[in-house]
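> Sending over a structure as structure tokens; questions will come in a sec.
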């Protein structure tokens, strides 16, 4: 069945039906001019929005509607993870080309819902429209936390150690595979990298613990790529940093399939985007507490560098010494 | 200068520069993974999102970037007006075709800002992207109020009087003019109707007073058209209603330029959308308080009908009696 057959009100009714009418802290959900919800006493509001556009951020030739539903929320959840906040509610703007089937939207929302339920997020509002060409998804995610306990991009201090969760570079390789494979069967390594790109896991639990236990001083999620996101921390904290290229964590699948000379594979991990891992700095005196905590995390953490004084700038070092910035795309963001 | 020349970071920097870094109740605005803000003690969060898509909701051949910026926020403000809530912060998703000039975006934000400042709304976050074809705008507006004092679509009681602010039908005529005129010079009446469509005035002050003084029992803003929006109130309140067609308020410009037989001009006012007036019901015993209050409002209010028991359904009456539903588009929503 095509979307134009059920119309906008039909679509809204369909969405509304699949989401529970009542959720904790929600007084009025979908179905009024606006939603009304309540923060827990003493908490502040944490808000973020992410935009996904067909043929810019994804292609329907290689992502399934379920994966797309999950990923649309995952990228937002990752933003709240990077603050150490607790996600609560979302609003969705959806512009849908009439060529799409109703089943596509059902699957999209089914995927979205699995991740929403896993993190206690309820859908409280939205707006839908037909779209002349492309599918367009904008999700606003609202969460809460205490403003003085959250982690920001500012707050990094010279001398802090620099850490990252999980492994980097998987997603950029997964994106290349997705474009090439277009659904063809693939090896276990290929499937791992594809999943890292198509179904990223936001590090919400880790982010919250880092914030609550004050194990980190500044934090960001790696969405634009490690180099670019570290630049944001440096700019907002007015510090420099050194990254030891060889230490950047890379998965077995990444090492097996990365193109180019193995000695330069870290460049993919340094500059590829959409990893949705957490990049954070932590004072050396918290190192043992941090390591003890991180032992409980399947994704693990890796120390990849150090925060330096602003005057030192942002330097990437490999075994031969400082890397010439001109070799690194995106390096000029910091200039 | 084309947008592709300044890139996404350039665009964000430009937006960030034009908005003050600090706003009341905002702890962290644009420039981190998420924004952090605080509600006033005892208040609840009120959230809404609206989507505007080029060639669906507007055409760049007849709306200026400034008007578009204002209208993108106005439609959201109208949703909060219909709750009786106070707007505070917004997040914007913007997908911009690279054919557009940077000046277009500057003008869009300049327009947006005039309305935002008039209502104390600050921009705390967003996401931007290039768009393959159309301009795409999604604004999430966050506000606050006490959940038990806000007004909802439910809450209408049989016997309540039905009122609307301002005049209806101007916007649909303005839309027709906008499509036809495409910037040509126009008469004062034409300009009035155009402005009603291109630059609607959200009734925030009126909505807040109606809620705070408990002068209304249920409220909605007229965005889909009076008939459609009254249907929402009836459905959510589980009531019927009668509308006296002849009493629907219509402006002088509307009456001068409405197409078709004058005796049927109310059909435009009943079914045209995007009026952004408030439709509300009020118990008869509050009528004198309400009229006294409404005397202070330039837009005024008009009594256009009454809430009836559910079994009576939704009936539109003109001088000849009940109107055959088949004459009215959108009537089947209530069936």
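> How many of the residues in the stretch B:149-162 are more than 9 Å from chain A (Cβ to nearest Cβ) and either closer than 30 Å to residue B:105 by Cα or surrounded by fewer than 24 Cβ atoms within 10 Å (Cβ to Cβ) (or both)?
Matching residues across the stretch B:149-162 total 6.
> Taking the stated definitions as given, is residue A:140 facing chain B (nearest Cβ under 9 Å) and either closer than 13 Å to residue A:11 by Cβ or more than 16 Å from the chain's Cα centre (by Cα) (or both)?
Here the answer is no, as residue A:140 does not meet what is asked.
> Any residue at all in the stretch B:119-135 that is on the phi > 0 side of the Ramachandran plot and outside any strand (DSSP E or B)?
yes
> If you don't mind, there's one more thing I want to ask. Assuming residue A:18 fulfils every condition listed in (1) free of Cβ contacts under 8 Å to residues at least 60 places away in the same chain; (2) more than 13 Å from chain B (Cβ to nearest Cβ); (3) surrounded by fewer than 19 Cβ atoms within 10 Å (Cβ to Cβ) apart from one, which condition is it?
Status for residue A:18: all satisfied but (1).
> May I ask you to list the residues in the stretch B:14-25 that are assigned to a loop (DSSP other than H, G, I, E, B) and out of contact with any strand residue (DSSP E or B) (no Cβ under 7 Å at 6 or more places or on another chain)?
B:20, B:21, B:22, B:24
> Further, regarding this structure: Among the residues of the stretch A:156-178, which ones are more than 20 Å from the chain's Cα centre (by Cα) and on the phi < 0 side of the Ramachandran plot?
A:156, A:157, A:158, A:160, A:161
> In this structure, is residue B:11 more than 26 Å from residue A:85 (Cα to Cα), more than 11 Å from chain A (Cβ to nearest Cβ) and assigned to a loop (DSSP other than H, G, I, E, B)?
No; evaluated as a whole, the condition is false for this residue.
A quick yes/no check of all residues on (1) in contact (Cβ under 8 Å) with a residue 24 or more places away in the chain; (2) touching a strand residue (DSSP E or B) at 6+ places or on another chain (Cβ under 7 Å); (3) outside the structural domain of residue B:80 (by TED's automatic domain parsing):
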| position | (1), (2), (3) |
| --- | --- |
| B:129 | yes, yes, no |
| B:135 | yes, yes, no |
| B:138 | yes, yes, no |
| B:141 | yes, yes, no |
| B:165 | yes, yes, yes |
| B:168 | yes, no, yes |
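> So residue A:83 fits all but one of (1) at pLDDT 95 or above; (2) farther than 28 Å from residue B:218 by Cα; (3) assigned to a strand (DSSP E or B); what number is the exception?
It fails just one condition, (3).
> Next question. Inside the stretch B:94-103, can you point out the residues that are assigned to a strand (DSSP E or B) and either within 19 Å of residue B:20 (Cβ to Cβ) or away from chain A (no Cβ under 14 Å) (or both)?
B:101
> Test of understanding: among A:11, A:39, A:77, which residue is in the same structural domain as residue A:114 (by TED's automatic domain parsing), under 25 Å from the mean Cα position of the chain (by Cα) and within 21 Å of residue A:108 (Cα to Cα)?
A:77
> Right, another one. Could you run through the stretch A:67-93 and say how many residues are within 21 Å of residue B:96 (Cβ to Cβ) and more than 8 Å from every other protein chain (Cβ to nearest Cβ)?
The qualifying residues number 3.
> Going by the conditions given, is residue A:180 in a helix (DSSP H, G or I) and touching a strand residue (DSSP E or B) at 6+ places or on another chain (Cβ under 6 Å)?
no
> I would also like to ask the following. Which residues, taken from the stretch A:104-132, are farther than 17 Å from residue A:37 by Cα, crowded, with 17+ Cβ neighbours inside 10 Å and within 9 Å of chain B (Cβ to nearest Cβ)?
Result: A:127, A:128, A:129, A:131.
> On the given criteria, is residue B:214 at pLDDT 95 or above, assigned to a loop (DSSP other than H, G, I, E, B), within 18 Å of residue B:277 (Cα to Cα) and out of contact with any strand residue (DSSP E or B) (no Cβ under 7 Å at 6 or more places or on another chain)?
No.
> Run residue B:270 past the list (1) at pLDDT 95 or above; (2) more than 21 Å from residue B:217 (Cα to Cα); (3) more than 20 Å from the chain's Cα centre (by Cα) and report the number of the one that doesn't hold.
Failing condition for residue B:270: (3).
> Exactly one condition in (1) surrounded by 23 or more Cβ atoms within 10 Å (Cβ to Cβ); (2) closer than 16 Å to residue B:299 by Cα is not met by residue B:205; state its number.
Checking residue B:205 against (1) surrounded by 23 or more Cβ atoms within 10 Å (Cβ to Cβ); (2) closer than 16 Å to residue B:299 by Cα, the one that fails is (1).
> Within the stretch B:185-205, can you find the residues that are over 11 Å from the mean Cα position of the chain (by Cα) and either over 21 Å from residue B:269 (Cα atoms) or in a loop (DSSP other than H, G, I, E, B) (or both)?
B:185, B:186, B:187, B:205
The values are calculated or read from the model by the stated rules, or taken from the named source; none is laboratory data. Because the structure is a prediction, the values reported are computed rather than measured. All Cβ positions, glycine included, derive from the backbone under ideal geometry; neighbour counts span all protein chains shown.
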